[in-house]
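Notes for the one structure printed next.
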Amino acid sequence: MDVGGTSDPYVKCNLIPGNPKATKLKTPRKECDLNPIFNEKLAYHGIFESDINSKMVRLTVLDYDRMTTNDMIGVTTVPLVGLVPQQKHLYREILKEPEEEKDDASSMIGERGRIQISLHYQANKELKVTIVRCSMLMVPGSDTLPNPMVKVNIKPSLKRNIFKRKTDIMKKTSNPEFGPKAKFTYDISNIDIESDDRCLEVTVWDCTGLKRHSYIGGIVLGKESGGTARSHWLDALSSCGHRVTRWHMLEEEESRTIGESSSVELTDQVPGPEPAGL
């Protein structure tokens, strides 16, 4: 509380266990208000059923201070288990004494973030690939926000680099939305897109310098992939003329065989719309 008995509160939100920077969301602050009404919506995109069963939302109320470190007022946690898609849940929680924020590092091993991809296979032998957004990206061994860029490639190809594409670099964000420039149209008239070895490789990179790119994670969509990576590819090829949009967990291996791909099922498996934000 400030001198004079006032406070400039705001609320910080994190998913735990998880990387505190990658999952950080916060409300605007309220000036000189001891009874703030925020009425703010904070949304996490790309939530999987495994998250619902294993994670909690940590809500921390802080007092903004222009001159020194912000003071922690109180904290509470809300388990996600029991949440139902498309239904709102109201919680009334009593804030507890703030403690030092701790994250179980072992629970974050292998977590690199999530990516939403849209595929649109057309009868005129075109494949349209849209990188919609990424969520909760984290760079291994780094405590700073990434500058993410996504690379897309169809493999194998007749000529080197003929199918390579990449998005713009987004600055300092774990939750980038790439916009209309991340829509790529491939002429696939000269290849058999439905062959068993054909696949779409999507990788996410942290661009820290002019030529320095650090690998964050990736996913390979194809007939020889596993989980939702395989079902997304097959559903797109069998739904000619329709766009199929899915979320995928990024995998940590940069070089691997297609058959080793794996991903978890989405809470909502309807093609097109993304999972509802929390």
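Inside the stretch 16-26, can you point out the residues that are touching a strand residue (DSSP E or B) at 6+ places or on another chain (Cβ under 6 Å) and open to solvent by less than 10 Å² (accessible area, probe 1.4 Å)?
Passing the criteria: only Thr23.
Please work out which residue is modelled with the lowest pLDDT, limiting yourself to the stretch 104-156 and to residues that are more than 13 Å from Asn175 (Cα to Cα), in a loop (DSSP other than H, G, I, E, B) and within 19 Å of the chain's Cα centre (by Cα).
Residue satisfying both the conditions and the ranking: Ile109.
For the stretch 51-60, indicate whether the set of residues that are assigned to a loop (DSSP other than H, G, I, E, B), over 25 Å from Ser135 (Cβ atoms) and either open to solvent by less than 60 Å² (accessible area, probe 1.4 Å) or in contact (Cβ under 8 Å) with a residue 60 or more places away in the chain (or both) is non-empty.
No; the residues of the stretch 51-60 include none that is assigned to a loop (DSSP other than H, G, I, E, B), over 25 Å from Ser135 (Cβ atoms) and either open to solvent by less than 60 Å² (accessible area, probe 1.4 Å) or in contact (Cβ under 8 Å) with a residue 60 or more places away in the chain (or both).
Would you list the strands (runs of 3 or more DSSP E) that sit entirely within the stretch 168-253 and hold 3 or more residues that are farther than 21 Å from Gln122 by Cβ and touching a Ser or Thr at 6+ places or on another chain (Cβ under 7 Å)?
213-222
Which of the residues belonging to the stretch 185-200 are buried (at least 18 other Cβ atoms within 10 Å of the Cβ) and closer than 30 Å to Asn147 by Cβ?
Tyr186, Cys199, Leu200
Scanning the stretch 254-267 for residues that are outside any helix (DSSP H, G or I) and open to solvent by 40 Å² or more (accessible area, probe 1.4 Å), which turns out modelled with the highest pLDDT?
Out of the qualifying residues, it is Glu254.
Let me spell it out: the conditions are (1) within 30 Å of Pro17 (Cβ to Cβ); (2) more than 16 Å from the chain's Cα centre (by Cα); (3) free of Cβ contacts under 8 Å to residues at least 40 places away in the same chain, and Ser214 meets all of them except one. Which number is the exception?
Among (1) within 30 Å of Pro17 (Cβ to Cβ); (2) more than 16 Å from the chain's Cα centre (by Cα); (3) free of Cβ contacts under 8 Å to residues at least 40 places away in the same chain, Ser214 violates only (3).
Pairs only if they're at least six apart or on different chains, beta carbon under 8 angstrom, first in the stretch 177-199 and without any contact (Cβ under 8 Å) to a residue 12 or more places away in the chain, second crowded, with 18+ Cβ neighbours inside 10 Å; list them, first residue then second.
From the stretch 177-199, the pairs are Asp192/Arg198.
Taking the conditions exactly as written (closer than 30 Å to Leu34 by Cβ, of a type outside the set (A, V, I, L, M) and either touching a Leu at 6+ places or on another chain (Cβ under 8 Å) or modelled with pLDDT under 95 (or both)), does Arg92 satisfy them or not?
In short, yes.
With the requirement that a residue be assigned to a loop (DSSP other than H, G, I, E, B), touching a strand residue (DSSP E or B) at 6+ places or on another chain (Cβ under 7 Å) and not hydrophobic (A, V, I, L, M, F, W, C), what does the stretch 157-167 give you?
Passing the criteria: Lys164, Thr167.
Could you grab me the full set of residues in the stretch 217-242 that are among the charged types (D, E, K, R) and more than 20 Å from the chain's Cα centre (by Cα)?
Step one: list which residues in the stretch 217-242 are among the charged types (D, E, K, R), which gives 223-224, 230, 235.
Scanning the stretch 217-242 gives Lys223, Glu224, Asp235.
The values are calculated or read from the model by the stated rules, or taken from the named source; none is laboratory data. Quick caveat, the model's predicted, so the values are computed rather than measured. Counting neighbours? That spans all protein chains shown, and the Cβs are built from the backbone with ideal geometry, glycine included. Ligands, DNA and RNA are excluded from the accessible area calculation, which covers all protein heavy atoms including side chains. Shrake-Rupley method; radii C 1.70, N 1.55, O 1.52, S 1.80 Å.
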